[in-house]
1. Among A:LEU140, A:LEU228, A:LEU70, whose mean-square fluctuation peaks in a Gaussian network model of chain A (Cα, cutoff 10 Å)?
2. For the range A:181-234 and the range B:203-236, what is the separation of their Cα centres, given in Å?
3. Under 1.5 on a/c is rounded, so check that first for the range B:41-134, then, if it is not, pick prolate when a/b is larger than b/c and oblate when it is not; a ≥ b ≥ c are the square roots of the alpha carbon gyration tensor eigenvalues.
4. In sequence order, what are the phi-derived ³J(HN,Hα) couplings for the range B:199-204 according to the Karplus relation 6.51 cos²θ - 1.76 cosθ + 1.60 with θ = phi - 60°, rounded to whole Hz, with x for glycine and proline?
5. Is the C-alpha gyration tensor of chain A telling us rounded, prolate or oblate? Criteria: a/c under 1.5 is rounded; beyond that, a/b larger than b/c is prolate, otherwise oblate.
6. Take the alpha-carbon centre of the range B:166-184, take the same for the range A:51-68, and report the distance between them in whole Å.
7. For a Förster distance of 22 Å, can you work out the FRET efficiency between the beta-carbons of B:VAL292 and B:ASN170, rounded to the nearest 0.05?
8. Would you calculate a helix-derived [θ] at 222 nm for chain B, using -39,500 (n - 2.57) for each DSSP H run of n ≥ 4 and dividing by the full residue count, to the nearest 500?
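Read-outs: derived from the displayed coordinates by stated rules, not from any lab. Quick caveat, the model's predicted, so the values are computed rather than measured. Methodologically, a virtual Cβ is constructed for each residue, glycine included, from the backbone with ideal geometry; neighbour enumeration extends over all protein chains shown.
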Amino acid sequence: MQPIPVSERWFHIVNNAFMLFLAAICVLPLIHVVSISLSSSPAVASNSVTFWPIGLNFYSYEKALEDDQLIRSVWISVQRTALSLGLGLLVNCLAAYVLSKGGGRDGIAGYKGIVGFFIVAMLFNGGMIPTYLLVTKLGLYNSIWALVLPSVVNVFYLILIMNFFKALPKELEEAAFMDGANHWQVFYRLFLPLSLPVLATVGLFLVVMEWNEWLMGQIYMKADNVPLSTFLKSIIAVPVIDASNAADAAKMNNRSISSAQILIGALPILLMYPVLQRFFTKGIVIGAVKE
Amino acid sequence: MQTVIQQETIKKKRERIVRRRDSWHLYLMILPAIVLTLLFVYVPMGGIVMAFQEYKPYLGITGSKWVGLDQFVFLFEYPDSSQVIWNTLRIAVLKLFFGTIATLTFALLINEVRKKWVRNSVQTFVFLPHFLSWVVLGGIFIELLDPKNGLVNQLLGALGFESIFFLGDNNWFLVTVVGTEVWKEFGYGSIIFLAALAGINPALYEAAQLDGANKWKQMWHITLPSLVPTIVVCLTLSLSQVLNAGFDQIFNLYNPLVYAKGDIIDTFVYRIGLIGGNYSFGTAIGLFKSVVGLILIVGGYRLAYKVAGYKIF
């Protein structure tokens with residue numbers, strides 16, 4: 001083992017410090033908002049709160065949760081996320097199972113055409129306005145299905161799952177077919193249990209995506225029926241006029257309350273994050289595996 | 001002996017018949033995905049004809065008047081829309097340029113970190129912003145960048161600088177949009193480079209060390225050249241994004257004060273087309289964007305395949 005040169009040791013010290021600095025830059029904005037949401041209103045009003053609550057209290061959370069609309073929006077977000085997760089996994093996995101068989105003797109006729117059909121759908125779409133007109137024409141306006149159905153098929157995840165299915169050993173399914181299993185049984189009893197890592201990855205991504213999505217809620221739902229992210233969007237706005245004139249206590253209180261609302265919106269993602277973090281690196285690696 | 005072989009072939013034949021009879025299940029299994037895609041992707045594509053009409057909701061697509069390319073002529077003559085196209089390009093290219101540099105630099109530096117706990121905790125923190133929505137981050141940055149009460153301006157004030165209206169001044173808005181996007185994605189984006197770095201043969205470094213190459217030379221002559229294929233693939237694939245300046249982000253941060261430089265195609269379509277009810281005009285802009293995007297995607301894929309052998313299927 002060679003001794004480490006002095007210049008290199010200095011590089012490591014500086015580099016480690018810089019990396020920790022970047023990590024801090026990434027979380028400090030969040031910590032600042034958490035602190036504001038937990039601080040007393042005089043402390044917030046005097047701008048003395050930085051990265052630690054001053055005059056710790058939960059008043060702004062109580063206030064935020066008193067709002068019936070917020071509770072209703074949380075419930076709509078939960079429904080929407082659950083439905084999208086269930087349907088999304090089911091529909092994409094079924095299609096991935098079929099496409100993983102390829103176009104040969106084991107697969108379906110017109111395989112190439114169907115692959116093309118999905119690829120075109122991934123690359124090109126009608127755009128915001130024709131899709132909006134279609135959803136309203138279908139009578140889905142202000143229905144939870146308007147938030148769910150248009151995004152069920154996700155070609156990117158379909159490909160990810162398909163690549164995973166393709167990599168499963170062929171002998172297993174051959175044996176199952178020999179024993180008289182049909183496609184549904186092979187799919188449900190063999191492919192799904194063997195694919196838990198990819199299902200977990202796609203599932204977690206779907207949950208994050210659906211929970212965070214707000215535009216569809218804004219254009220397809222009435223104001224009292226919007227999911228949480230859309231509701232948050234409606235209460236957060238850039239203050240266009242400079243609020244330099246005597247900032248009253250009520251206004252300052254609003255800063256704590258809207259911070260609390262923002263954090264309630266981010267809470268599920270923050271709670272899921274430790275699990276997410278373990279999966280997503282894998283997910284990308286899985287997605288990158290090509291045959 | 002012969003009977004055994006015969007039995008084998010019979011068994012195989014029977015198996016084949018069973019599976020062929022069974023194969024209609026496969027069509028049933030893929031049906032939901034096909035129906036949903038047909039309905040929610042292909043039917044709206046048919047709605048694109050609106051771009052060549054003067055669409056009136058009460059007349060519908062079949063009854064509205066055809067106007068040929070008038071919407072597109074208007075699109076390029078209307079000063080607002082050409083401004084919006086330039087804004088989109090400017091923001092997207094700036095994001096691409098600074099994003100790639102930041103991501104690459106971070107990947108190279110974090111790869112040098114030896115202490116496992118530093119590496120893991122840094123990665124945990126820098127990946128986090130990627131998973132938060134722009135609604136949440138918009139709220140956070142509006143609080144943080146407030147011209148009077150925001151923490152950033154408080155800090156600038158303490159250092160003796162004048163306060164900056166980050167979200168209200170056109171030039172600062174550009175800086176903010178590019179900066180916050182880079183902030184959100186540099187950590188997560190580094191994963192793909194880290195995977196490429198992990199794939200470099202360690203023997204190359206050992207050989208270089210024996211030849212007396214220092215860290216800097218190793219990085220310049222081994223690490224960077226090994227990353228070139230990944231960089232090329234990432235850049236060519238992001239070509240398709242030059243008309244996507246990030247609707248979610250802009251929409252959650254912008255306001256009428258910064259329309260001059262901050263308004264992009266997608267926010268313009270939303271405001272003028274959907275909310276303003278100019279369905280045909282909005283569709284025409286959307287179509288322009290989709291077609292350019294499609295050309296760039298196909299071109300980018302071809303290029304990536306030619307240069308780096310990258311293939312998705």
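1. A:LEU140
2. 41
3. Judged from the Cα gyration tensor, the range B:41-134 comes out prolate (a/c at least 1.5, a/b above b/c).
4. Per residue, the Karplus-derived 3J(HN,Hα) values read x, 6, 5, x, 4, 4 Hz.
5. oblate
6. What the calculation gives is 29 Å, centre to centre.
7. 0.35
8. Rounded to the nearest 500, it is -22500 deg cm²/dmol.
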